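The structure appears right after this line, and notes come after that.
The values are calculated or read from the model by the stated rules, or taken from the named source; none is laboratory data. Because the structure is predicted, anything quoted here is derived from the model rather than measured. All Cβ positions, even for glycine, are placed from backbone atoms using ideal geometry, and neighbour counts span all protein chains on display. SASA here: full protein model, heavy atoms, side chains in, ligands and nucleic acids out. Shrake-Rupley method; radii C 1.70, N 1.55, O 1.52, S 1.80 Å.
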Amino acid sequence: MSDALTNNTLQQLTEVLEARKSGDPDQSYVASLHAKGLNKILEKVGEECTETVLAAKDAAQSGDCSELISETADLWFHSLVMLSHLGENAGSVLQELDRRFGLSGLDEKASRNK
């Protein structure tokens, strides 16, 4: 997968999420989540997180990752809705990941515990 494809997909999704943020809740799932507020969005993130964990356990047993990929997409999507609700987007997460690139994971984790 190319960086251009990944960044283009995230950019397009960010644009769609922002456009639908203030849309009609009766016409847009994203708008309906925003209308219901942060707690509903967080509930969905938690639900998708649990489903992703269960799908990973199933994939480890069966060797079939298709459900894991689907659930991870749902988790990412709802996480992006959460970020959008709070005025952030995938770009902020990518910048943080870029900042961490080249850092030892152990060093990065230790720096957060100070």
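Within segment 1-112, considering only helices (runs of 4 or more DSSP H) that don't extend past its boundaries, which have at least 1 residues that are open to solvent by 60 Å² or more (accessible area, probe 1.4 Å) and of a type in the set (Val, Ile, Thr)?
Details: elements: 3-21, 29-36, 38-62, 66-85, 90-100, 105-112.
Per the criteria, 3-21, 38-62, 66-85, 90-100.
Among the residues of segment 48-77, count how many are touching a residue at least 24 places away in the same chain (Cβ under 8 Å) and closer than 25 Å to Gly91 by Cβ. I'd like the intermediate steps shown before the answer.
Taking segment 48-77 and keeping what is touching a residue at least 24 places away in the same chain (Cβ under 8 Å), we get 48-49, 51, 74-75, 77.
Remaining after also requiring closer than 25 Å to Gly91 by Cβ: 48-49, 74-75, 77.
So the count comes out to 5.
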